[in-house]
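A short write-up of the structure that comes next.
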Amino acid sequence: MSGDGDAGVGVAEDLLGMKRVEIRIAGPRLLAAAHRLAPAAIAAGLAAGLGGCAGPLSTLDPAGPAARSISVLMLVLLVLAALSFVVIFGLFLLALRRRRSRAVSQRLFLVGGGLVFPLVLLSVATIYGVVLGERIIGARERPALSIEARAERWHWQFTREGQGGSVTRRDILDVPAGRTVEIVVTSADVIHSFWVPRLAGKIDAIPGMRNRILIRADVPGRYGGVCAEFCGTGHAEMGFTLVAHDPEAWADLERGAAR
Ligand SMILES: [Cu+2]
């Protein structure tokens, strides 16, 4: 490391230890200013970011098993990405701080850092993602009932078979709370996407196809739903409400449909 006034200059070696590379980093005054401002910047970033953690469309506030699995997967991937960032950036800083050049083990850098480290990290992420994905799509689950969701520019139509025949509602999806429901999604015109962020992932609504997604709301309540695929000028308004009913209210609804 050698100094030249206000600018810090680091010396790093390339992988083979053949060349010396000079890296000019920010001057001490700039670093000190950044250091002073960092807490305020982090607080402002957290306040802005965490403001979006709640609300009817937040994936960070899951209310069902599928959304909870997706949320956990996101956190695990975030931690793995942060871990690899810290390791790589730590090695970079270490290279800058080295005062005397010393031969670097090629094997450690090429095999360890270039092969073993990413292989282990990506294998863990892939295996975990596949196992969790199987659980999210609920391939082995038996749903309590099936409801058809038909998308049409720019609204949703939900049809279920009740005790007294089929019941269709526009932009309102009634389900029983605490039970797994199969939603069969299709479209009358262009491609849309069915999404209730607090309960499950997205599934495309494609003309001529019947895609299936399982959804469960743990507790009774109202949950926001949206079209998650741009489908024209009315796309932004193409929302719906999923109403999860407690057992009594659900039985009343069924009886009402039967009358
Ligand atoms: Cu849309």
Study note, to complete from the structure: Of (1) within 28 Å of R198 (Cα to Cα); (2) small (G, A, S); (3) in a helix (DSSP H, G or I), G55 fails just (3)
Review point. Considering only region 128-164, how many residues are under 17 Å from V181 (Cβ atoms) and aromatic (F, W, Y)?
Key: 2
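This table checks each residue for (1) open to solvent by 70 Å² or more (accessible area, probe 1.4 Å); (2) within 11 Å of the ligand (Cβ to nearest atom).
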position: V190; (1), (2): no, yes
position: V196; (1), (2): no, no
position: A236; (1), (2): yes, yes
position: T241; (1), (2): no, no
position: E248; (1), (2): yes, no
Review point. Do we have any residue at all in region 97-120 that's aliphatic (A, V, I, L, M) and open to solvent by less than 40 Å² (accessible area, probe 1.4 Å)?
Key: no
Check your understanding: Just for region 138-166: of the residues that are within 14 Å of the ligand (Cβ to nearest atom) and more than 26 Å from the chain's Cα centre (by Cα), which one is least open to solvent (accessible area, probe 1.4 Å)?
Key -> E152
Practice item. Please verify whether region 70-84 includes one or more residues that are in contact with a Pro (Cβ under 6 Å, 6 or more places away or on another chain), surrounded by 13 or more Cβ atoms within 10 Å (Cβ to Cβ) and either at pLDDT 90 or above or not charged (D, E, K, R) (or both). Key: yes
Revision key, fill the gap. From the option list R216, R255, single residue qualifying as away from the ligand (no atom under 16 Å from the Cβ) and surrounded by 16 or more Cβ atoms within 10 Å (Cβ to Cβ) is R216
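The values are calculated or read from the model by the stated rules, or taken from the named source; none is laboratory data. Values in this document were obtained by computation on a predicted structure and should not be read as measured data. Counting neighbours? That spans all protein chains shown, and the Cβs are built from the backbone with ideal geometry, glycine included. Ligands, DNA and RNA are excluded from the accessible area calculation, which covers all protein heavy atoms including side chains. Shrake-Rupley method; radii C 1.70, N 1.55, O 1.52, S 1.80 Å.
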